[in-house]
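K.L.:
What follows is a single structure, and I will ask about it in a moment.
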Amino acid sequence: MVGVYGPEPDDADNYRYATGLYFLANGETTAIEWDCEGILIPKDASAVATLTDGQNQDFAGLTALKVADGTQVTVGRDAATGKLTLSTAPTVAVNTAQANWPIPSLSQAAIDRRPLDAPTLTTGD
């Protein structure tokens, strides 16, 4: 399971963040018209993305990775290293000190226990 950022929740009065955090099951795809803003890297995980120049960039845990509008990103896991792998490089990495995004201190195990609430191709389209 992965944490994904999208629009602020519809039912949130006086919501303090610019995005909402939702949870997506392994193998699922967000709904076509849903605006995915980025990915949450859990506190006990790391990730790697291939940049446009072909170089890899590593990201330490408890980071939000913003993706460009209209970008399709696939998140997988490298079997050898256990790192999350992103098919597209993020436009920026933000941490809790600089973000106007909710970045809760969640482990991967805690994320795996969260209810699934990201709109998917089967629920949103």
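The values are calculated or read from the model by the stated rules, or taken from the named source; none is laboratory data. Small disclaimer: the values here were computed from a predicted structure and weren't measured. When we count neighbours, we look across all protein chains shown, and the Cβ atoms used for this are built from the backbone with ideal geometry, even at glycine.
K.L.:
Quick one: is Ala109 of a type outside the set (Ser, Thr, Tyr), modelled with pLDDT under 90, touching a Pro at 6+ places or on another chain (Cβ under 9 Å) and not in a loop (DSSP other than H, G, I, E, B)?
P.N.:
Here the answer is no, as Ala109 does not meet what is asked.
K.L.:
List the number of the failed condition for Ala49; all other conditions in (1) out of contact with any Lys or Arg (no Cβ under 9 Å at 6 or more places or on another chain); (2) farther than 23 Å from Ala18 by Cβ; (3) not in a loop (DSSP other than H, G, I, E, B) hold.
P.N.:
Exception for Ala49: condition (2).
K.L.:
Only one of Lys83, Lys66 is of a type in the set (D, E, K, R), surrounded by 14 or more Cβ atoms within 10 Å (Cβ to Cβ) and within 20 Å of Gly6 (Cα to Cα); which?
P.N.:
Lys66
K.L.:
Residues of the range 38-58 being free of Cβ contacts under 8 Å to residues at least 40 places away in the same chain and surrounded by fewer than 19 Cβ atoms within 10 Å (Cβ to Cβ), which ones?
P.N.:
Ser46, Val48, Thr50, Leu51, Thr52, Asp53, Gly54, Gln55, Asn56, Gln57, Asp58
K.L.:
Tally time: how many residues in the range 85-103 are touching a Lys or Arg at 6+ places or on another chain (Cβ under 6 Å) and under 15 Å from Gly61 (Cβ atoms)?
P.N.:
Looking only at that region, the number is 1.
K.L.:
Which pairs turn up if I take residues in the range 81-92 that are without any contact (Cβ under 8 Å) to a residue 40 or more places away in the chain and look for partners that are surrounded by fewer than 17 Cβ atoms within 10 Å (Cβ to Cβ) and β-branched (Val, Ile, Thr) with beta carbon separation below 6 Å, at least 6 apart in sequence or on another chain?
P.N.:
Here the result reads Lys83/Val48; Thr85/Val48; Ser87/Thr74; Thr88/Thr71, each pair linking the range 81-92 to a residue that is surrounded by fewer than 17 Cβ atoms within 10 Å (Cβ to Cβ) and β-branched (Val, Ile, Thr).
K.L.:
Now a separate question. Test of understanding: among Asn26, Asn14, which residue is out of contact with any Pro (no Cβ under 8 Å at 6 or more places or on another chain) and farther than 24 Å from Leu121 by Cβ?
P.N.:
Sole residue among the options that is out of contact with any Pro (no Cβ under 8 Å at 6 or more places or on another chain) and farther than 24 Å from Leu121 by Cβ: Asn14.
K.L.:
So, one more: Can you give me the number of residues within the range 61-95 that are under 28 Å from Glu33 (Cα atoms), in a loop (DSSP other than H, G, I, E, B) and not hydrophobic (A, V, I, L, M, F, W, C)?
P.N.:
Matching residues across the range 61-95 total 10.
K.L.:
Please work out if Asp58 is over 29 Å from Asp10 (Cα atoms), among the charged types (D, E, K, R) and either assigned to a loop (DSSP other than H, G, I, E, B) or in contact with a His (Cβ under 8 Å, 6 or more places away or on another chain) (or both).
P.N.:
No: the conditions fail for Asp58.
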